[in-house]
Amino acid sequence: DKFYIAVANNSLSKNYNSTGEFRKAIYYGKKAAKIAHNLGRPHLETEALINYGNALRELRRFEEAKKVMFRVSKLARQYKSDYQYMNSLGNLSLLYEDLKNYPKALEYFKKYSALRDSLMNEKVAKQINELQIKYETEKKDNELKLKDATIKEKNLKLTFLIFGLAVFILFSTTLLIMYKKKNKAYRELVRKNMELVQEGLLLKKRKETKSESTESGSYALAPERKKELVKKLEYLTKGEKVF
């Protein structure tokens, strides 16, 4: 993949600049810039040109370095890459200082400083805005969490209240049913006892009545009547055989 080849070459150029191997930095920076240009990757091309130009400056090839930095400046403005444009202004200031052209060095340094401050202010403002957004978001999240917790607490209380009320109603209903059953059983027991008492009284009364009837009957029948009844009974048993 040519894009990653360009990225690798650009990284090598930067690393060789760090280790002081400027000729290698020039080679890999120039190679990375060419591949990036052919791929239509202006931001990568600009980075590679900066590494390439820095290596030229370190080797005191100031005119070549100046051409490269002007090209960086043009590309950065064209593609609105503010940080790379700022770096190109700073490098141009250093180049003109090396060339003893102090008015130009001061001119580019002022541009570099103004853009740096602007970008810094923009960066700070952006950071403040991001922090403000984070703060507002966290604040809203906390408010929502608190609201949810309050709702959950209310729902929990309501659940316990409903559960307690249901238990109370169930307990009361059970007690009422048990009381009604007990009352019904008690009334049934009383009724049966009353019936038994009444049956006892009735039986006793019947016994008394029978006894009185037997006694009164024994004394009421005349001897002739007794004989007549005995004859009829004998006829029914022996003659008619009613048994």
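General observations
- Qualifying residue in the range 97-104 (condition: aliphatic (A, V, I, L, M) and either assigned to a loop (DSSP other than H, G, I, E, B) or under 24 Å from residue 18 (Cβ atoms) (or both)): yes
- Residue 93 falls short on exactly one of the conditions (1) part of a loop (DSSP other than H, G, I, E, B); (2) open to solvent by less than 20 Å² (accessible area, probe 1.4 Å), and that condition is (1).
- Residue 51 meets the stated requirement of being more than 23 Å from residue 117 (Cα to Cα), of a type outside the set (Gly, Ala, Ser) and touching a Lys or Arg at 6+ places or on another chain (Cβ under 9 Å).
- Scanning the range 74-97 for residues that are without any contact (Cβ under 8 Å) to a residue 12 or more places away in the chain and of a type in the set (Asp, Glu) yields a count of 1.
- Wholly enclosed helices (runs of 4 or more DSSP H) of the range 1-88 bearing at least 2 residues open to solvent by 60 Å² or more (accessible area, probe 1.4 Å) and among the basic types (Lys, Arg): 2-19, 22-39, 62-78
- Single match in 15, 87, 38, 9 (criterion: closer than 30 Å to residue 121 by Cβ and not basic (Lys, Arg)): 87
- Some residue of the range 214-221 being out of contact with any Ser or Thr (no Cβ under 7 Å at 6 or more places or on another chain) and at pLDDT 70 or above: yes
- Which listed residue is open to solvent by 100 Å² or more (accessible area, probe 1.4 Å), free of Cβ contacts under 8 Å to residues at least 60 places away in the same chain and under 30 Å from residue 51 (Cβ atoms), from 152, 145, 100, 104: 100
The values are calculated or read from the model by the stated rules, or taken from the named source; none is laboratory data. Everything numeric here is computed off the predicted structure, so don't read it as measured data. Ideal geometry is used to build each Cβ from the backbone, glycine not excepted, and the neighbour counts take in all protein chains shown. These accessible areas exclude ligands, DNA and RNA; they are computed on the full protein's heavy atoms, side chains included. Shrake-Rupley method; radii C 1.70, N 1.55, O 1.52, S 1.80 Å.
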